[in-house]
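The values are calculated or read from the model by the stated rules, or taken from the named source; none is laboratory data. Bear in mind the structure is a predicted one, so any value in this text is a computation, not a measurement. FYI the Cβ positions are ideal-geometry reconstructions off the backbone, even for glycines, and counts take in every protein chain you see.
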Amino acid sequence: MTETITEPEGDDGIAPEPESESESDKRVTWAELFFDLVFVVAVTEMSALVERDHSWPGLLRALIVFVPIYWMWVGTAIQTNLQDASRPLLRLRIFAVALAGIFMALSLGEAYGHLGLVFAIAYWSGRLILGSALLGQLRNGFGLHVNPYTVSMFLTGPALVVGALFHGTAREIIWAAAALVDLATPSMMRSRLRLLHFDAGHLAERFGLFLLIALGESVVAVGTSTPLGQLTVSGGFAVAAAFALTCGLWWVYFHFAADAMRHALATARVQLDITRLVLSYGHLSFIAAIVVVAVGLRESIAHPGEHLSWAVTGLLFGGTALYLATFGFTRWAMFRLVSYTRLSAAAGVLVLLPLAPHLPALASLTLLASGVALLNVIELMRVEHIGWRAKRGGTTR
């Protein structure tokens, strides 16, 4: 891509960087990377929760408890972006939130059972820690502003604790309402938060790292699905196909989209819109999709010669389709352009879904990995063609 291109081209979401876009000096700190290790555990526990119950109600319950974990991570990422994470006080706050995250991860498997109160108190504690810097406003005699941190401190955190005192459907409804309020708060307060300025490079990198954590769960699924010493020829091919699919999903995001997201955030007139729609909401969908794909991969590798159940096929193919379709949402949110290749690929995966249960798991994996690889090849060829036209001095529109 060269500077003669004046607007984003291709379905990959690549955008040129104008000369006015300043480069960021802010980098992800060691404390932030250490903090992310806690959420490796959380994603692993979430994958186990989905594996135990991947019915539609089970997936919904898993999403309800994943939102507080994800929102805790988002709140920390925003705070370290707006502040200097090298300050000892902020580092201690990060570690304290990480401890709350550990308790959330450990109680995740029984969040709807006897550890529900532990899960809820851990979330509320983490949000209180994140919002502790705001309490200085009260000590200084100023009013406490309503924002996503205070909403979690005084509304959704207590709501999770109240919900944990109930059982069954009542707990699910209260927690679902709290999750919706947390997610909706940035949108409802857009006018108040629209002047926030974020470091684009740092924040885009943080969300990319969380997506890597989720992809890491897919790699774990590939490496641990076959018992030690029992790898067969078909199992070996299944491992290769599953790893090829994981690499393809990585490529879709990191070869093109990651830079586009950073560019969109850096050049947005209202950065909150990109942070809210593309990073917060879009990545929730990305990560949820990868987690369900990982569960499907584990089952497929364990039984490569057998036909997959409809439920597992739905996880594997439906998760991949959701992952690809989310790029259609993020591309539109960033550039008001349609991602034809990725939306078409998502539709193609859904077309193949009814066929997959009638094929051996190895064939389904190979078919899916080949489809994602084909998408990446088409996008790469298209971008190369656009770059060639730019070098020849042609117009791009």
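Check ALA177, ALA184, ALA200, ALA164 and return the single one that is within 22 Å of the chain's Cα centre (by Cα) and crowded, with 21+ Cβ neighbours inside 10 Å.
ALA200
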The condition from (1) under 18 Å from the mean Cα position of the chain (by Cα); (2) farther than 21 Å from MET46 by Cα that THR320 misses is numbered (2)
Checked pairs for region 351-362, first assigned by TED's automatic domain parsing to the domain that holds ALA238 and part of a loop (DSSP other than H, G, I, E, B), second surrounded by 17 or more Cβ atoms within 10 Å (Cβ to Cβ) and among the hydrophobic types (A, V, I, L, M, F, W, C), C-beta under 7 Å and 6 or more apart or across chains, list as LEU353/PHE317
If we keep only residues of region 34-55 that are out of contact with any Gly (no Cβ under 7 Å at 6 or more places or on another chain) and among the charged types (D, E, K, R), then the residue farthest from VAL295 (Cα to Cα) is ASP36
Being in contact with a Ser or Thr (Cβ under 6 Å, 6 or more places away or on another chain) and either among the small types (Gly, Ala, Ser) or part of a helix (DSSP H, G or I) (or both) narrows ARG171, ARG91, ARG127, ARG61 down to just ARG127
Scanning region 312-343 residue by residue, the ones that are surrounded by fewer than 19 Cβ atoms within 10 Å (Cβ to Cβ) and either assigned to a loop (DSSP other than H, G, I, E, B) or among the basic types (Lys, Arg) (or both) total 3
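Conditions tested, residue by residue: (1) assigned to a helix (DSSP H, G or I); (2) closer than 30 Å to ALA238 by Cα; (3) in contact with a Gly (Cβ under 8 Å, 6 or more places away or on another chain); (4) touching a residue at least 60 places away in the same chain (Cβ under 8 Å).
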residue	(1), (2), (3), (4)
VAL161	yes, no, no, no
ALA184	yes, no, no, no
HIS197	no, no, no, yes
GLU205	yes, no, no, yes
GLY208	yes, yes, no, no
So, first residue closer than 17 Å to THR44 by Cα in region 86-105, second residue in a helix (DSSP H, G or I) and among the polar types (S, T, N, Q), Cβ within less than 9 Å, six or more apart or across chains; the pairs are ALA98/THR76; LEU99/SER125; ALA100/SER125; GLY101/THR76; PHE103/SER125; ALA105/THR44
How many residues of region 47-73 are in contact with a His (Cβ under 9 Å, 6 or more places away or on another chain) and of a type in the set (A, V, I, L, M)? The answer is 1
The residue that is modelled with the lowest pLDDT, considering only those in region 99-145 that are among the charged types (D, E, K, R) and over 17 Å from ALA62 (Cα atoms), is ARG139
*Examine region 266-273 for a residue that is crowded, with 21+ Cβ neighbours inside 10 Å and acidic (Asp, Glu), and state whether such a residue exists.*
no
